[in-house]
Amino acid sequence: MGLAVMCVSHAYGHPPNPEEGAKLLNTALDLGYTHLDTAALYGFGANETLLGNTLKNRRGEYFLASKCGMFRDAAGKREIDGSPEKIKQTCDESLQRLQTDVIDLYYLHRWDKRIAIEDSVGALKDLVNEGKIKTIGLSEVSADTLRKAHAVHPIAAVQTEYSLWTRNAETAILNACKELGVTFVAFSPLGPGFLTGDVPDVGALPEKDIRLNMPRFKPEHFSRNLGLLEGLSEIAQENSCTMAQLGLAWVLAQGDQIVAIPGTTSLDHVREHLGAAEIKLSPETIARLNALINPNTVSGPRYGAATLPEIDTEDVDLGRYAA
C-alpha cells in the first residue's frame with residue numbers, strides 16, 4: 001500500500017496548510033508507508049516542494065515516485081509536453097524541489113501524442129544513465145504503447161486508475177503488465193472517494209474540486225451510483241472492515257503485481273487505508289463485489305469528452321458503462 005500525496009496540495013478543493021500536510025507525511029512514514037507518489041503537476045510544484053521540505057532528512061525511509069510530461073505552461077495553464085528537452089528540464093527542477101539526488105520511479109505523466117513514445121522514453125533512459133532516476137514508469141497508457149516503450153527501456157511500473165467502479169484496465173493493460181513483469185500501480189483505488197461512502201452530497205463539494213467535472217459525479221449519474229453504496233456497506237460490515245478498506249482490499253486481490261496508492265488529507269484515513277493490506281477477501285466476497293459494482297452497474301464514464309483525448313488507455317470500452 002502506497003500513499004498518493006497529490007491531494008495534500010491539489011485537486012480536491014481546499015488542501016491542508018503546509019504544517020498539516022507535513023504532519024500527514026511524517027505520520028505516514030511513522031505508520032510504515034514506504035511508497036510516496038507525487039508529480040511536478042500537483043500544485044504546480046508545491047506538492048514536490050512540501051515533500052522535499054518535510055522529508056529531506058528521512059529520504060532513506062521511503063520509495064519516491066514522481067512524474068513529468070505534464071506541468072504549467074507560460075500562461076499558467078496545464079500543458080502536456082513529452083519532448084526530451086522538457087522531460088529533462090522537469091526532472092532537474094523536480095530534483096531541486098524534492099531535495100534529493102535521485103528519484104526512484106519517474107513516470108511519464110501523460111503520453112504526448114505529438115511525440116513518439118520511443119523518443120520520450122529515450123529521454124527517460126538518458127536520465128537513468130545519468131543517475132538522476134532509477135526506474136521508468138508510464139501513466140494512463142494502452143498495452144500497445146507500453147510494449148513500444150518497453151522495447152526502448154524496461155518499464156518498471158504503469159499507473160492507471162483502477163477500482164471496483166473503474167475497470168478499464170481489465171481490458172488489456174493489466175494483462176500486458178503481468179506478461180512483461182511490470183508493476184501495476186492503481187491510482188484512485190477508491191473511485192475519487194466515492195467508495196468510502198463519504199461523498200453524500202455533490203453540491204457540498206468545494207468549487208475547485210476536480211470531481212465536479214467528472215461525469216459520474218453529475219446529478220444524473222451520481223444519484224444512481226449512490227444506490228451501490230448500501231450493498232457495499234453491508235459487505236464491509238460482514239467482513240469487519242470499513243468500506244474504504246474493502247475497496248482497497250479488492251484492488252490488491254486482483255494480482256500480486258498490483259500496488260494501490262489511495263490519497264487523503266485525513267490522518268485517520270491514512271491509518272485506515274494501511275489496514276487494508278492485511279485483509280484477505282474470500283472468493284465468494286470478491287464475486288459479490290464484482291456483481292454489485294461493475295461496468296454494467298456504474299452510471300457514467302470516468303472522464304468527460306474533453307479529457308479523453310489526453311489519455312491513451314483502452315477507454316474506448318467506456319460504452320460498457322450505463323448511460
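The values are calculated or read from the model by the stated rules, or taken from the named source; none is laboratory data. Note that the structure is predicted; figures quoted are calculated from it, not measured. Don't worry about glycine lacking a Cβ; one is built from the backbone with ideal geometry, like all the others, and counts go over all protein chains shown.
When Ser223 is tested against (1) free of Cβ contacts under 8 Å to residues at least 40 places away in the same chain; (2) in contact with a Leu (Cβ under 6 Å, 6 or more places away or on another chain), just one condition goes unmet, and that condition is (2). All of Ile136, Ile155, Ile173, Ile117 fail the test of being touching a Gly at 6+ places or on another chain (Cβ under 7 Å), buried (at least 17 other Cβ atoms within 10 Å of the Cβ) and either among the aliphatic types (A, V, I, L, M) or modelled with pLDDT of 95 or more (or both), apart from Ile155.
Among the residues of the stretch 12-42, those that are at pLDDT below 95 and out of contact with any Leu (no Cβ under 8 Å at 6 or more places or on another chain) comprise Tyr12, His14, Pro15, Asn17, Glu19, Glu20, Leu41, Tyr42. Looking at the stretch 115-142, which of its residues are assigned to a helix (DSSP H, G or I) and farther than 21 Å from Ile261 by Cβ? Scanning the stretch 115-142 gives Ile117, Glu118, Asp119, Ser120, Val121, Gly122, Ala123, Lys125, Asp126, Leu127, Val128, Asn129. Every condition in (1) of a type in the set (Gly, Ala, Ser); (2) in a helix (DSSP H, G or I); (3) buried (at least 20 other Cβ atoms within 10 Å of the Cβ) is met by Ala260 except one, and the failing one is (2). Every condition in (1) among the basic types (Lys, Arg); (2) surrounded by fewer than 20 Cβ atoms within 10 Å (Cβ to Cβ); (3) under 26 Å from Phe217 (Cα atoms) holds for Arg167 except the one numbered (2).
Annotation note: of Ala65, Ala40, Ala28, the sole residue that is of a type outside the set (S, T, N, Q) and assigned to a helix (DSSP H, G or I) is Ala28.
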